[in-house]
Amino acid sequence: MRRFVVDHILPDQGVVLIEGAEARHIAKALRMEPGDEIVVMDSEGMRYHGLIQSIGTSRVAVEVKGPIATPDTPPLDMVLCQAVLKAKAMDLVIQKVTELGASRIVPFLSRRTVIRLDEKRGENKLRRWKEIARNATAQCDRAIPPQIDGVTDFRQLLSATSREDGLKVILWEQERSRDLKDVLRQAGPQEKIVGMVGPEGGFSREEVVQAMEVGFVPISLGRRILRAETAAMVLVTLCLYEWGDLGLD
């Protein structure tokens with residue numbers, strides 16, 4: 001059955017509404033009809049078997065049936081601090097690290113960030129990223145969408161992450177002595193990893209030094225120079241492979 005994320009599910013009310021773009025997708029792209037069975041899920045991990053009652057141009061009414069078991073969340077709390085990238089690249093990062101199992105995404109602006117956002121644009125971007133994460137959550141059947149923070153700046157990010165527990169790593173293409181594989185294996189099993197990935201132009205040396213002062217370990221992903229969006233996905237994948245749930249056991 002197809003899965004759809006809604007804001008809240010109140011099973012006592014018997015009916016939940018799917019609205020906006022998702023409703024239009026059901027009506028026009030999927031061409032679903034009253035009587036079709038679906039799964040409705042919310043951002044808190046609740047999910048129910050649903051039966052479509054009616055379909056309008058911008059609203060779908062779904063009868064809430066019995067509850068459905070929720071998948072387990074990854075054992076690794078994977079936090080990705082990602083410098084804001086150009087629109088398509090950033091959208092791709094949000095979508096793919098959601099599918100992989102990142103628990104939290106923290107967008108930030110650094111010295112070499114190409115994109116500059118005022119408050120209104122930042123709010124619009126955040127709204128779009130959350131929608132992308134919701135759709136990716138339904139597609140990959142994870143329990144809940146990742147938390148996505150509002151856009152912050154590099155100094156505020158360092159101040160906030162200085163209080164974070166767990167292993168903290170920052171990707172830097174000029175690092176020559178430590179790679180992610182060695183750092184993960186030396187650290188041993190982790191409950192939480194905070195990974196920081198820079199913008200298209202990478203981090204300055206000064207920024208890396210500042211990150212080290214609050215506990216980040218500079219690491220390399222090898223000899224190849226990866227695009228920022230690729231580096232983010234590789235980082236999340238390898239961390240979740242090593243200490244998460246990217247496997248059957």
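The values are calculated or read from the model by the stated rules, or taken from the named source; none is laboratory data. None of these values were measured; they are calculated from a predicted model. Glycine also receives a Cβ, built like all others from the backbone with ideal geometry; neighbour counts cover every protein chain displayed. Each accessible area value is taken on the protein alone, full model and side chains, heavy atoms only, with ligands, DNA and RNA left out. Shrake-Rupley method; radii C 1.70, N 1.55, O 1.52, S 1.80 Å.
Below is a table of values for the structure above.
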quantity: Where Tyr48, Tyr241 fall by accessible area, highest first, once all protein chains stay in place (1.4 Å); calculated: Tyr241, Tyr48
quantity: In Hz, Karplus ³J(HN,Hα) per residue of segment 72-79 (6.51, -1.76, 1.60; θ = phi - 60°; x = Gly, Pro); calculated: 5, 8, x, x, 9, 7, 9, 9
quantity: Dipole moment magnitude, nearest 20 debye, segment 201-249 about Cα centre, only Lys, Arg, Asp, Glu C-beta charged; calculated: 320
quantity: Unit Cα scatterers, Debye sum, segment 130-249: log10 I(q)/I(0) for q = 0.15, 0.17, 0.20 Å⁻¹; calculated: -0.77, -0.99, -1.32
quantity: Where His25, His49 fall by accessible area, highest first, once all protein chains stay in place (1.4 Å); calculated: His25, His49
quantity: Inter-probe distance in nm under a simple model that places probes 7 Å from Cα toward Cβ, at Ile68 and Glu191; calculated: 3.1
quantity: Accessible-area value, Arg128, 1.4 Å probe, nucleic acids and ligands omitted, Å²; calculated: 130
quantity: Alpha-carbon Rg/Rh ratio, for segment 29-153, with Rh computed the Kirkwood way; calculated: 1.05
quantity: Heavy-atom accessible area order for Met90, Met233, largest first, 1.4 Å probe; calculated: Met233, Met90
quantity: Amide N of segment 44-61 lying under 20 Å from the label point, which is placed 7 angstrom from the Cα of Leu126 along Cα→Cβ; calculated: 44
quantity: Average accessible area per residue (Å²) across the chain - probe 1.4 Å, nucleic acids and ligands excluded; calculated: 53
quantity: Within straight-line cross-link reach of Lys125, lysines at Cα separation under 24 Å, skipping those fewer than 8 residues along the same chain; calculated: Lys86, Lys88, Lys96
quantity: Sequence-distant residues sharing a close amide H with Arg178 (under 5 Å, placed H); calculated: Ser220
quantity: Leu100 accessible area, 1.4 Å probe, all protein chains in place, Å² to nearest 10; calculated: 40
quantity: Share of carbon and sulfur in the accessible heavy-atom surface of the chain [1.4 Å probe, %]; calculated: 47
quantity: Cα-based helix-to-principal-axis angle, 87-100 vs the chain, degrees rounded to 10; calculated: 80
quantity: Unit charges on C-beta of K, R, D, E only; dipole of segment 126-249, Debye; calculated: 200
quantity: For the chain: relative contact order, % (alpha-carbon pairs under 8 angstrom, 6 or more apart); calculated: 21
